[in-house]
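S.K.: Sharing a structure, written as structure tokens. Questions coming.
The values are calculated or read from the model by the stated rules, or taken from the named source; none is laboratory data. In this text, all values refer to a predicted model and were calculated from it rather than measured experimentally. Backbone-built Cβ (ideal geometry, glycine too); neighbour counts: all protein chains shown. Only protein heavy atoms, including side chains, enter the accessible area calculation; ligands, DNA and RNA are left aside. Shrake-Rupley method; radii C 1.70, N 1.55, O 1.52, S 1.80 Å.
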Amino acid sequence: MNNGDLPIRIVVEVVSSADVKRLEDRDENIRSEVARLESKLDGLHRTIYELIETIGNIRNKR
């Protein structure tokens, strides 16, 4: 038997609908948190670009 002939092992797990709901709720909370952090990151990027633009304007006035 070589590596290509190894038997395939299939594992089936059964979970309750309550567990599925709990995991789905957790996933939604994680997605919400990621969206919130992405929004904060976008705001930070905007602030940095505005700061760079302001510094450039100050240098050009000299």
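S.K.: So how strong a dipole does the chain carry about its Cα centre when Lys and Arg Cβ are +1 and Asp and Glu Cβ are -1, to the nearest 20 debye? All intermediate terms of the calculation are to be shown ahead of the outcome.
M.R.: On the way: 11 positive and 12 negative charges, 125 e Å.
Dipole about the Cα centre, nearest 20: 600 debye.
S.K.: In degrees, nearest 10, range 0 to 90: what is the angle between the Cα axis of helix 17-61 and the longest Cα principal axis of the chain?
M.R.: 20 degrees
S.K.: Taking only protein heavy atoms into account and a 1.4 Å probe, give the accessible area per residue of the chain in Å². It would help to have the intermediate numbers written out before the result.
M.R.: Numbers: 6350 Å² over 62 residues.
Result: 102 Å² per residue.
S.K.: Rounded to the nearest 10 Å², what accessible area does Leu51 show when all protein chains are kept and the probe is 1.4 Å?
M.R.: Rounded to the nearest 10, the figure is 100 Å².
S.K.: Same structure again: Grab the eigenvalues of the alpha-carbon gyration tensor for the chain, scale each by 5, take roots, and send me the semi-axes largest first in whole angstrom.
M.R.: Numbers: eigenvalues 551, 110, 2 Å².
Taking √(5λ) for each Cα gyration eigenvalue gives 53, 23, 3 Å.
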